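Just so it is clear, none of the values below were taken in a lab; they were calculated from the coordinates. The structure presented is a predicted model; accordingly, all values stated were derived computationally and were not measured. Here the Cβ positions follow ideal geometry from the backbone for every residue, glycine too, while neighbour counts run over all protein chains shown.
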Amino acid sequence: MYKVGERNQITLFPARIEDYVGANDPVRVYNAFVEAIDFNSLGIPLEPYNAGAHEYYPKAMLKLFIYGYSYGNRSSRKLERACCHNVSFIWLMAGLKPDYRTIARFRSDHKEAIKKVLKQSVKLCIEFKLIEGNKLFTDSSVFRANAGIGNTWTDQRCEKYLEKINQEIDRLVEEAEQIDQTEDGQGSLVQIKEGIRDQEAFKKKIEDIAKNLQDSQKGSINTTDEDCVKAKGRQGTHAGYKGQITVDGKHGLIVNSEAVSQNHDKDQFSAQVKQAGEVIGHNPEIVCSDSGYYDLEDIKEVPVDIKVVMPSPKEVHEERRPESIKPFDKEEFRYDKGKDEYICPEGKRLKYVGVAYHDERKKAYQAEGKECRTCKNFGICTRSKRGRKIIRMAEEETRERLEETYQSEIGQETYKLRKEKVELPFGHMKRNLGALQFLLRGKKGVDAELSILSVCFNIARMITLLGVNGLISKLQGYKLKFA
């Protein structure tokens, strides 16, 4: 006996689309989530019904994107197909079947609004007591841009190509003059003149790129996506963005995300902390990141009431290779703030002797040469007959405070949680959702995509914490409370 299907059976699907999915199906969470958020704050107008050309209901389109991204359907063509063939998508869209052009147009026209959806999800999580905002973790990962690395231009590459083009134009002109003199090969002369025009057009294009590089003061520009940068990841060097995310310490939910046009994390920490604080409505008590963000000038911008747990690159190196620690390093010298002097391990004092290297941000301290020469550690601590010298940076107090916080018990406990909390979302986005590369171009577009991916992670996490029915109940209650 075999089980066989019958396509002509009229009871193949229920009579109502509402019955296509079960009561515990996760798709109902995505429907309830979009219904609960405040569309007025997104900037997408929900106009009353008017006469004129039809357009798809914005809430339905937003549901399509968030649900589609949550299951790896990110391209407009895949979403169009899902609306026709996938039962859960048919239920979510209530039978609507927008084509891929309409889907792509909605995403392109509402990039800023889509980016704000993450803030709405954070607002919901705070209301449901899932986000506390007291302890935050920040990290980044490289995402490939929708552009080829071959379209990245630098000043050196422009100069190299312009030189080659000029040589080729000179060669073609010389060949054309020879043909003119002999009056032979008229067909070849036409082809040569076309080649000259093509080379001159290419030259004009490269000159425009070089001017754009000069005006923007960027190190490189990609002609496909001018906002992306040359970024190195595990799969090699590509045109890409650094995806920055900040998560809450309670359940690891994302509170802020941003795609930045940088291939490093320097000078990003204070900006990410500030944005996260604005989203949750108050400053956190503790913020934590890895040593890639270590930039003392940038860290100084973080409010002093926030504890920053971040190791320096040197501390990370010493933890991995304890044998590399050298005796009489600068850290072994104690700074006497009252007298503005350093004290060496042997009790000798290094006094302020002036600005170092003509840089006002660097202060030099030096011991007496005679004391150093008679010290038992002379030759180990220093070999200078003038005495041991130490340079103190303007941000030295910030460095000392960072080191003290990191080495404290709470600092060590917090840093151990970092990988558990902040690296999980990137794994979910890249492995589960297949989001190794952005589909949109330009910073606004990739910000919108990263925001959707962050919302997808938050919803999946909320389902894990509250269950499908529990989360739907809370979302419906929230909608009634703030309607």
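How many angstrom lie between the C-alpha centres of the range 20-42 and the range 317-379?
Spelled out, the Cα-based centre of one part sits 62 Å from the other.
What size of dipole, in debye to the nearest 20, comes out for the range 320-394 about its Cα centre when the only charges are +1 on Lys and Arg C-beta atoms and -1 on Asp and Glu C-beta atoms? Intermediate values should be presented prior to the final figure.
Numbers: 22 positive and 12 negative charges, 40 e Å.
The dipole of the range 320-394 has a size of about 200 debye.
Rank by packing, highest mean first: peptides 104-114, 311-321, with packing defined as the count of other Cβ atoms within 10 Å averaged across residues.
Numbers: 104-114: 18.1, 311-321: 13.7.
Packing proxy ranking, top to bottom: 104-114, 311-321.
Using mean Cβ contacts within 10 Å as the protection proxy, how do 382-395, 71-84 order, highest first?
Working: 382-395: 16.3, 71-84: 18.1.
The packing order, highest mean first, is 71-84, 382-395.
On a C-alpha basis, how far is the centre of the range 76-142 from the centre of the range 431-462 in Å? Whole number, if you could?
One Cα centre to the other: 9 Å.
Rounded to whole Å and sorted largest first, list the principal axis extents of the Cα atoms in the range 236-303.
37, 27, 18
Say R0 is 51 Å: what FRET efficiency, to the nearest 0.05, do K193 and E47 get from their beta-carbon distance? Mind dumping the intermediate values first?
Values: r = 57 Å, r/R0 = 1.12.
Given R0 = 51 Å and the Cβ-Cβ separation, E is 0.35.
Placing +1 at every Lys and Arg Cβ and -1 at every Asp and Glu Cβ, with all other atoms neutral, what dipole size does the chain have around its Cα centre, in debye to the nearest 20? Each step should come with its number before you reach the end.
Values: 80 positive and 74 negative charges, 343 e Å.
In total the dipole reaches around 1640 debye.
Rounded if a/c is under 1.5, else prolate if a/b is larger than b/c, else oblate: which is the range 94-170, with a ≥ b ≥ c the root eigenvalues of its Cα gyration tensor? Display every interim value, and only then the final one.
Details: a/c = 4.94, a/b = 1.86, b/c = 2.66.
It is oblate, given that a/c is not under 1.5 and a/b is not larger than b/c.
From the phi of every residue in the range 458-463, what ³J(HN,Hα) in whole Hz does the Karplus formula 6.51 cos²θ - 1.76 cosθ + 1.60 yield, where θ is phi - 60° and glycine or proline is x?
For the range 458-463, the Karplus-derived couplings read 4, 5, 4, 5, 5, 5 Hz, x marking Gly and Pro.
Work out how much length T224 to R401 would gain on full extension: take 0.36 nm times their residue separation and subtract the Cα-Cα distance, in nm to one decimal. Present the calculation step by step, with values, prior to reporting the outcome.
Numbers: separation 177, 0.36 × 177 = 63.72 nm, distance 4.41 nm.
Length gained, T224 through R401: 59.3 nm.
So how far apart, in nm, are the two label points at K385 and S473 if each is 7 Å from Cα heading toward Cβ?
Each label point is offset 7 Å from its Cα along the Cβ direction, giving 8.5 nm.
Can you give me the distance in nm between label points at A201 and E18, each placed 7 Å from the Cα along the Cα-to-Cβ direction?
6.1
Ratio of the range 320-394's C-alpha Rg to 2.2 N^0.38 Å, to two decimals? Before the final figure, lay out each step's value.
Numbers: Rg = 12.8 Å, N = 75, 2.2 N^0.38 = 11.3 Å.
Cα-based Rg divided by the globular estimate yields 1.13.
Express as a percent, rounded to the nearest 5, the fraction of DSSP beta bridges in the chain (both residues included) that run antiparallel. Numbers along the way, then the final one.
On the way: 38 of 45 bridges.
Bridges in the chain are about 85 percent antiparallel.
Show the residues, 5+ positions off or on another chain, whose built amide H is closer than 5 Å to the amide H of L350.
Under 5 Å from the amide H of L350 lie the amide H atoms of Y342, I343, C344, each far enough along the sequence or on another chain.
By how many nm would the segment from D25 to M393 lengthen if fully extended, with 0.36 nm per residue of separation less the alpha-carbon distance? Provide the component values of the computation, followed by the final result.
Details: separation 368, 0.36 × 368 = 132.48 nm, distance 5.86 nm.
Additional length available on full extension: 126.6 nm.
For the chain, what class follows from the C-alpha gyration tensor (a ≥ b ≥ c being the square roots of its eigenvalues): rounded when a/c is under 1.5, otherwise prolate if a/b is larger than b/c, else oblate? Spell out each step's value before the answer.
Numbers: a/c = 2.78, a/b = 1.23, b/c = 2.27.
Taking the square roots of the gyration eigenvalues as a ≥ b ≥ c, the chain is oblate.
Once you put a point 7 Å from the Cα of N377 and another 7 Å from the Cα of K129, both along the Cβ direction, what distance in nm separates them?
Here the answer is 5.5 nm between the modelled labels.
Tell me, in nm to one decimal, what length is gained between F328 and R349 on full extension, where the rule is 0.36 nm per residue of separation less the Cα-Cα distance?
Numbers: separation 21, 0.36 × 21 = 7.56 nm, distance 1.39 nm.
So the chain would gain 6.2 nm between F328 and R349.
Net charge around L46, counting only other residues with Cβ within less than 13 Å of its Cβ (Lys, Arg = +1; Asp, Glu = -1)? Intermediate results must be reported in sequence, preceding the final value.
Details: positive: K59; negative: E35, D38, E47, E55.
Overall, the nearby charge balance is -3.
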